[in-house]
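Heads up, the thing below is written out as structure tokens.
The values are calculated or read from the model by the stated rules, or taken from the named source; none is laboratory data. All values reported here derive from a predicted model rather than from experimental measurement. Methodologically, a virtual Cβ is constructed for each residue, glycine included, from the backbone with ideal geometry; neighbour enumeration extends over all protein chains shown.
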Amino acid sequence: IYIFVLQVDKVIEAFTLSDEKLMHLSTKLFEQLFKGLGQATNEEAELKMLPSYVTSTPDGTEHGDFLALDLGGTNFRIILVKITPNPNSNIQMDNQVYSISHKLMTGTGTKLFDHLVNCLWDFLVERDMMCQLLPIGFTFSFPTRHLGIKKTILVNWSKGFTASGVVGEDIGQLLNDAINRKFKNFELKIMSTVVNDTVGTMVSCAYDHHETCMGLIVGTGTNMCYMESQSNTEMLGDNFRSLEGEMCINTEWGAFGDNSGSLDEVKTSYDIAIDHNSPNQGEHIYEKMISGMYMGELVRRIIVDLSAKGELFQKVDEHSILYDGGFSTAFVSQILQPNIDATMTMEYLRSFGVTANIDDVAKVKKICEAVSVRAAALCAVGVVAVARKIEKNRGHVRMVVGVDGSVYRKHPTFKNVLIDTTRRLAPELNIGFEVSTDGSGRGAALVAAV
Ligand code: GLC
């Protein structure tokens, strides 16, 4: 028993980061923001600081009908957005979700884009809109580089996507080509604006809260965008930047820690194993310690390790969820629900082939807590760094972070730990968090409108 306690406590300890350490990491991330913005240093910077060419947030005068397409995880969504301008500004949406199989995520780009367009076809047919041409806001939640307003190149895939022939290509063009293949008799001319989900989230939130200057996603992946002074966006080169006003920059902060080893001091053996087993090894290290795609897997690896050492569970069925890859972040959320007691957790674990006693339940809960708290605290590290950067540009003002993503919305404790840690690390900053209403739909349409 003594050894057992020691093992679990050791793991918990490895996942517990002091405020001092968090501040230290925040300073490192803050430095990376500057590196990414500098012309000479952008190449080697971890944070790619991708320009979005979105230079203003909505003011309520936007109007029109738009289609928003949203690809970024296991689902693809199509949304018809109707925006009514001031004084009765109002946004109506009609949307449909289509699933993206693992086969499509990892097959050819042509098949993937053909599938998206087949969904679009069905969506339009069902609404009797076949002959209408609407501007499209395409929320494409992967690192893309905008080469001017019309060209958007995929830098690299993340979140388990590997579809071939897409990296380095113009996403808007791939979509248009697929549309032309499918709609060849319709002579459609599509105008699409490609938007990162963080940007959509920020813009959508800014429609309701004018102090919004950051867009945060904590879902399958994690990322942040924010409004930066154009005079600081040196990496754009003199021909492409104005020295006045602001531009929204997609930080792609998931890549923090990729080259500099900044996160090495807090990485555990479980983090290292997750990275080794991922399709994008060595990339998006920060994301792998925070987001929903990995949180359940981290907990699973810890539990498997401790149970293999005979220190957890009396019995584990070999078909248990612990071995079939089905232990997702949703389970972590379930185990941390405030109204679930030990007996319910035992039942819950039993339904997945794990026989746990009351001690096991307490330990599993502790593990889920430690992994979740670390994720939220690391996310706060980034929020504080970006907020400091904004304060440097704008002075002491109120800053609102528009947030979206399944972890932020559904995990029972993530949100509060994120907000508390942010306040603790930066009590002098005036930061508010607002759940953004459907950034990828509303936001993408608003970006197209703006
Ligand atoms: C990944 C993508 C990024 C996206 C984030 C959240 O980090 O690279 O573009 O914003 O996931 O979906």
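The set of residues in the range 267-294 being of a type in the set (Ser, Thr, Tyr) and either under 19 Å from Ser328 (Cα atoms) or within 10 Å of the ligand (Cβ to nearest atom) (or both) consists of Tyr270, Ser278, Tyr286, Ser291, Tyr294. For the range 161-208, taking the residues that are in contact with a Pro (Cβ under 7 Å, 6 or more places away or on another chain) and closer than 17 Å to Tyr226 by Cα, the one that is nearest to the ligand (Cβ to nearest atom) is identified as Val203.
If you filter the range 217-245 down to residues that are among the hydrophobic types (A, V, I, L, M, F, W, C) and away from the ligand (no atom under 16 Å from the Cβ), you find that the one that is surrounded by the fewest Cβ atoms within 10 Å (Cβ to Cβ) is Leu243. Within the range 246-258, the set of residues being near the ligand (Cβ under 9 Å from one of its atoms), aromatic (Phe, Trp, Tyr) and either in contact with a Lys or Arg (Cβ under 8 Å, 6 or more places away or on another chain) or in a loop (DSSP other than H, G, I, E, B) (or both) is empty. Of all residues in the range 50-65, those being buried (at least 17 other Cβ atoms within 10 Å of the Cβ) and in contact with a Lys or Arg (Cβ under 9 Å, 6 or more places away or on another chain) number 2.
Collect the residues in the range 166-211 that are assigned to a strand (DSSP E or B) and either at pLDDT below 95 or of a type outside the set (Val, Ile, Thr) (or both), keeping them in residue-number order.
Within the range 166-211, Asp170, Ser192, Thr193, Val194, Val195 qualify.
On the stretch given as the range 420-433, residues that are crowded, with 18+ Cβ neighbours inside 10 Å and touching a strand residue (DSSP E or B) at 6+ places or on another chain (Cβ under 8 Å) total 4. The residues of the range 40-49 that are of a type in the set (A, V, I, L, M) and either surrounded by 15 or more Cβ atoms within 10 Å (Cβ to Cβ) or within 14 Å of Val195 (Cβ to Cβ) (or both), listed by number, are Ala45, Leu47, Met49. Quick check on my filter: what residues within the range 28-51 are of a type in the set (A, V, I, L, M) and in a loop (DSSP other than H, G, I, E, B)? The answer is Ala40, Ala45, Leu47, Met49. Of all residue pairs spaced 6 or more apart or on separate chains, those with beta-carbon atoms under 6 Å, a first member in the range 389-401 that is over 13 Å from Phe30 (Cα atoms) and a second member that is in a strand (DSSP E or B) and polar (S, T, N, Q) are Asn393/Ser229; Arg398/Asn430; Val400/Thr212.
Is there a residue being farther than 27 Å from Thr220 by Cα and in contact with a Lys or Arg (Cβ under 6 Å, 6 or more places away or on another chain) anywhere in the range 38-49? Looking through the range 38-49, at least one residue is farther than 27 Å from Thr220 by Cα and in contact with a Lys or Arg (Cβ under 6 Å, 6 or more places away or on another chain).
Taking the condition within 15 Å of the ligand (Cβ to nearest atom), within 23 Å of Ile290 (Cα to Cα) and not assigned by TED's automatic domain parsing to the domain that holds His146, does Asp264 pass?
Answer is no for this residue.
Conditions tested, residue by residue: (1) among the acidic types (Asp, Glu); (2) part of a helix (DSSP H, G or I); (3) touching a Cys at 6+ places or on another chain (Cβ under 6 Å); (4) surrounded by 15 or more Cβ atoms within 10 Å (Cβ to Cβ).
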site	(1), (2), (3), (4)
Asn280	no, no, no, yes
Val299	no, yes, yes, yes
Ile303	no, yes, no, yes
Leu306	no, yes, no, yes
Phe313	no, no, no, yes
Glu318	yes, no, no, no
Leu322	no, no, no, yes
Gln334	no, yes, no, yes
Gln337	no, no, no, no
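Going by what's in this entry, would Glu13 be described as in the same structural domain as Arg423 (by TED's automatic domain parsing) and either within 22 Å of Ala385 (Cβ to Cβ) or surrounded by 15 or more Cβ atoms within 10 Å (Cβ to Cβ) (or both)? Spelling it out, it is not the case that Glu13 is in the same structural domain as Arg423 (by TED's automatic domain parsing) and either within 22 Å of Ala385 (Cβ to Cβ) or surrounded by 15 or more Cβ atoms within 10 Å (Cβ to Cβ) (or both). From the list Val407, Val403, Val386, the one residue that fits, being within 16 Å of the ligand (Cβ to nearest atom), assigned to a strand (DSSP E or B) and at pLDDT 95 or above, is Val403. The set of residues in the range 130-149 that are at pLDDT below 85 and either within 16 Å of the ligand (Cβ to nearest atom) or more than 23 Å from Val199 (Cβ to Cβ) (or both) comprises Met130, Cys131, Gln132, Leu133, His146.
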